[in-house]
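Some notes on the structure that comes next.
Quick note: the coordinates plus some simple rules give every number you see, no bench work behind them. Since this is a predicted model, take the numbers as computed values, not measurements. All Cβ positions, even for glycine, are placed from backbone atoms using ideal geometry, and neighbour counts span all protein chains on display.
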């Protein structure tokens, strides 16, 4: 929904990039518009102390070691963007978590 902030990148990463497409076709909206990014919480659709605008065709670099979620917002519903995330590698094969099946209560994924 336009004007509704969403999480674009979850915290706990080595770094990331968020790109706002340059064309209306790639953004999925017409006319092209800014994409708003906030590293500390939900993004607004205006510049604030923590929300910054990414102009069409620009890329925002998320700092390495970001622990908080990165939020984005756009004024128009359906605004598309691209995120590239670098995260710590996982061990392979994954380590099984011992337990009984079916579980008798809530479980946690590790």
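Simple spin-label model, 7 Å along Cα-to-Cβ: residue 22 to residue 85 in nm?
Each label point is offset 7 Å from its Cα along the Cβ direction, giving 2.8 nm.
I'd like the distance between the alpha-carbon centres of region 56-110 and region 1-50, rounded to an integer number of Å.
16
So what is the calculated 222 nm ellipticity per residue for the chain, using -39500 (n - 2.57) for each DSSP H run with n of 4 or more, over all residues, to the nearest 500 deg cm²/dmol?
Details: 1 runs with 4 residues, N = 110.
The per-residue figure over the chain is -500 deg cm²/dmol.
How high is the relative contact order of the chain, in percent, counting Cα pairs under 8 Å that sit 6 or more residues apart?
Details: 235 pairs, mean separation 43.2, N = 110.
For the chain, the relative contact order is 39 percent.
What FRET efficiency do you get for residue 97 and residue 77 if R0 is 30 Å and r is their Cβ-Cβ distance, rounded to the nearest 0.05? Each step should come with its number before you reach the end.
Numbers: r = 40 Å, r/R0 = 1.32.
About 0.15, to the nearest 0.05.
Mind ordering 16-29, 93-106, 41-54 by average Cβ neighbours within 10 Å, highest first? Before the final figure, lay out each step's value.
Details: 16-29: 16.8, 93-106: 6.9, 41-54: 15.2.
Put in order of decreasing packing, that is 16-29, 41-54, 93-106.
Roughly how many nanometres apart are two label points built 7 Å out from the Cα toward the Cβ at residue 59 and residue 104?
Roughly 5.2 nm, to one decimal.
Could you give the nm distance between label points at residue 44 and residue 68, where each point is 7 Å from its Cα heading toward the beta carbon?
Distance between the two pseudo-spin positions: 1.4 nm.
Taking N as the number of residues in region 6-86, what value does Rg over Cα atoms divided by 2.2 N^0.38 Å take? Each step should come with its number before you reach the end.
Working: Rg = 11.8 Å, N = 81, 2.2 N^0.38 = 11.7 Å.
Cα-based Rg divided by the globular estimate yields 1.01.
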